[in-house]
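In what follows, a structure is listed as structure tokens, so that the remarks can point back to it.
The values are calculated or read from the model by the stated rules, or taken from the named source; none is laboratory data. Computed from a prediction, not measured in an experiment: that's the story for all the values here. Backbone-built Cβ (ideal geometry, glycine too); neighbour counts: all protein chains shown.
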Amino acid sequence: MKPLQPKASSDQNINSANKSSKSRKRKSSNNYQSIKPIPDSQVESKEKTDEKNDGLLRGNNLNQTKETSNGLIDGQSFQDFDDEDPIPEISLSDQEENGNFVGSDNQVQEEEEEEEEDDDDESEYPSDDVDDAELGSLLDDSTDDDDSPQELDTLIARSSSKPIEVDSKIASDPTFIPKKDTGFMSRARSKPSAFVQGVKINVWDDIEPGYGSESSTEEVSNRIGNIPAHFYDDMPHIGYDINGQKILRPAKGDELDKFLAGIEDPSSWTSVQDKLLQKDVKLTDEELEIIHKLAKAENPDAEFDPYEPTVEFFTGKDKQMNMPLSGKPEPKRRFIPSKWEHKKVMKIVRAIRQGRIVPNKPKVEKPQFYGIWSSEDQPRAMGPMYMPAPKLKLPSHIESYNPPAEYLFDEDERKAWEQADPSDRKIDFIPAKHPSLRLVPAYSDFVQQRFDRCLDLYLAPRMLRRRPKLDISDPSELLPKLPSPKDLRPFPSVCAIKYIHENGTRIRTLSIDPSGMWVATGSDDGQVRVWECKVGRCAFKWNLGINDSKPVYSLEWCPDPRKCLLSAVVSGTIYLLCPLGVISPALAEDTINAVHMGFTTATDGPTVSAAKWARAAQADRDRGVLVEVAVPGVPKQVTWHKRGDYFASVAPDAGSQSVLIHQLSRHQTQSPFRKSKGTIQKVAFHPIKPYLFVATQQYIRLYDLMAQTLIKTLQPGVRWISSLDVHPMGDNVIVGSYDKRLVWHDMDLSERPFKTLRYHEKAIRSVAFSTKFPLFFSASDDGTIQIFHSTVYSDLMMNPLIVPLKVLKGHVVTNSLGVLEAKWHPTEPWVVSVGADGVGRLWCA
């Protein structure tokens, strides 16, 4: 290989080139951080240079370069570098046809001028890339000095070295585009750069905005916006484009065309109509798949996994976020002993000392298999708070799907069951017969019964009574020692006489005169009838409700045997009657004089009476109606004091004047109460003391009429009091109620009942003590009268003896009403009763 023949000024040129390159490096290093975008004019000028450099970098120009270099590098040296990385070729712009370098002064001056012009442009790019680009110009100024091969080796080594990481990033980042490499964006990004050699960086192709891109450039031709499309129905166009030109309405076929299109084109169902452009748009396969998945209620994303495990980002060790609430400082109580924990520990220590807690108690091994014949499977006792629920009543034969014939209702029983109140029915269903169990229909009241059962379990209080076990050998020992009813005779047991009223009218009340000869009855037709007790003959009759048929609510004979006087209560009026035609003239005269004495008696001063006393008309006086007393409200009861001069009336709707006390000798009426505490139902005089019993719906109050004070309040514990009576000795009271209870009060014991009896099936209407015999009864709407023996001892340490004796049956229940009232005979152990069936009965022993 021939050595290079440099010019005379080659050393100077090389030195000047080295200086210029060093100055360029300093400029480029200073301007590296202030890289600016490349103007379009510079990019176009650099594209030609890049094409030239790219041509020199290709491997097919290596041989040509070696031949034109005029022996600069021998072929063997290039052959050795073929296995290595490709070396950037040197651009020999000044090569002549014969392959030798031409280094004249003019050319050097021109190159220096060009270099000076390019200083400003090259200062904007990295210094390493600029040095590589100037490699050709530096080689032009090289000489054949001894240092030339050494410098050439240095250039080759520097050009063949791999780029550093910073250079790779600069070359791969589109922001740092070299000024000369104007074709960078037009080439593939994986292509090796002209300035960097090394590992290829995978750069994706440029994103072309399309339909599925976020930067889609697809535009809608119709620019009418949100204007309704029906505004253009009468126009040949459907809107305007971006240039303001009309968009003509596309051709639209009729229904026949749609039908033919659906038959001929199998894919016509995949298109939808664009209302804005008024043409059919065909859906893609991806859109159809999304529609199918949405129709099946599936997720449109095929890669979505609804069952993938949850990633707990803030749960686990060292994952909790330190927040103001959770990251607060530890309180002081965390560092001092707890008083409550000390108490709990001491409680456990005491339990261990007392033996209630056994630490390290040996475990009892349970058998692996269950022994069916063993006795160790007894249920364990529940805790102290456990209380078993009351069991349901077991079904009887009447609840069978095929009950016997005697349990089935006939027409009368069915009608009576339907008319009865639900609380008065024995059973809450009608028995029915079915041929087989599978034909039994659904029970309509099943849900209601279950609901009532749940209410009972939830709301009804329960109490578990722990009674000691009794060593009972004979069950008869549990029964009370009561005398036999045969030893307690006489008491009423049979019906001897009937007092039959006309037309079967309802009889509300009755009364027996003190002699026991006459029985007076009052009915709903407003008539008062006087019957001969032992014969059953109607001896006298008054019609007190002639015009409006007012019912007679109450009757009571005067207890004074010197007067034959009967008080009758009709709506708003109390009548004093005397049967003049059936009594002796002397008794009749004494009765009339005692009644009319009040009209002639002078009072001490002006008095205000709560009632108005008046003589009856002469015609009424001839019939035995002596005096009429007008009272406020509708009186429902009248009762006499034992001396026969005072009688009381009760009108529940009269307010503060519900209770009035009338004096026969002076014809005066007074109201003992300024206001009433509740609705007053009944009153009764104490047989010995000047006391008055006043019964409201739920309480009985005892008042002292002389001291005008309240003495005692009895609490029967019933819902609605219907009647009451006082024992002849005055220390015991019996009370009847509409909730089927008979209550016995011993006033010396307590305000609570001494005994409560529930033997009737319906409401109790009347109760009474016998004034001569140790007997009392209770009459009810179930049509029965129950007779009891009652012995009251003078010894306060002995409780009264109550023995049930007889149940008298005979009255017919009419419209759910049975026996309305009954009274004892004053001298015999007889009972006279009246009822809603219109018949009065005398029950004898």
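Across segment 225-261, which residue is surrounded by the most Cβ atoms within 10 Å (Cβ to Cβ) among those that are in contact with a strand residue (DSSP E or B) (Cβ under 6 Å, 6 or more places away or on another chain) and basic (K, R)? Among those residues, the one meeting the criterion is R249.
Inclusion of L705 among residues that are assigned by TED's automatic domain parsing to the domain that holds A822 and either touching a Phe, Trp or Tyr at 6+ places or on another chain (Cβ under 8 Å) or surrounded by 21 or more Cβ atoms within 10 Å (Cβ to Cβ) (or both) is warranted.
Among residues belonging to segment 326-370 that are of a type in the set (G, A, S) and in a loop (DSSP other than H, G, I, E, B), point out the one that is nearest to the chain's Cα centre (by Cα). Per the stated criteria, the residue is S326.
Scanning segment 727-743 for residues that are crowded, with 22+ Cβ neighbours inside 10 Å and among the hydrophobic types (A, V, I, L, M, F, W, C), we see that the one that is nearest to V650 (Cα to Cα) is V735. Assess whether F754 counts as being of a type in the set (F, W, Y), closer than 27 Å to Y553 by Cβ and surrounded by 17 or more Cβ atoms within 10 Å (Cβ to Cβ). When the stated conditions are applied, F754 does not pass them. The residue that is farthest from T284 (Cα to Cα), counting only those in segment 220-274 that are of a type in the set (K, R) and outside any helix (DSSP H, G or I), is K246. Identify, please: which residue in segment 396-451 is charged (D, E, K, R), within 25 Å of E761 (Cα to Cα) and part of a loop (DSSP other than H, G, I, E, B) and is, among those, nearest to the chain's Cα centre (by Cα)? Residue satisfying both the conditions and the ranking: D445. Being in contact with a His (Cβ under 6 Å, 6 or more places away or on another chain) and within 26 Å of S221 (Cα to Cα) holds for only one residue in K275, K246, and it is K246. Residues of segment 490-535 that are among the β-branched types (V, I, T) and either free of Cβ contacts under 8 Å to residues at least 12 places away in the same chain or more than 22 Å from K809 (Cα to Cα) (or both): V528, V530. Restricting attention to segment 288-325, and to residues there that are among the small types (G, A, S) and in a loop (DSSP other than H, G, I, E, B), which single residue is surrounded by the fewest Cβ atoms within 10 Å (Cβ to Cβ)? Here the residue is A297. Note on segment 765-782: among residues that are in a loop (DSSP other than H, G, I, E, B) and under 53 Å from the mean Cα position of the chain (by Cα), the one that is farthest from V718 (Cα to Cα) is D782. Of all residues in segment 785-814, those being surrounded by fewer than 21 Cβ atoms within 10 Å (Cβ to Cβ), of a type in the set (V, I, T) and not in a loop (DSSP other than H, G, I, E, B) number 5. Taken as a whole, the condition of being at pLDDT 90 or above and surrounded by 21 or more Cβ atoms within 10 Å (Cβ to Cβ) applies to T591. Of the residues V608, V582, the single one that is surrounded by fewer than 20 Cβ atoms within 10 Å (Cβ to Cβ), touching a strand residue (DSSP E or B) at 6+ places or on another chain (Cβ under 8 Å) and at pLDDT below 90 is V582.
Residue-level analysis places Y553 among those that are among the aromatic types (F, W, Y) and farther than 25 Å from P829 by Cα.
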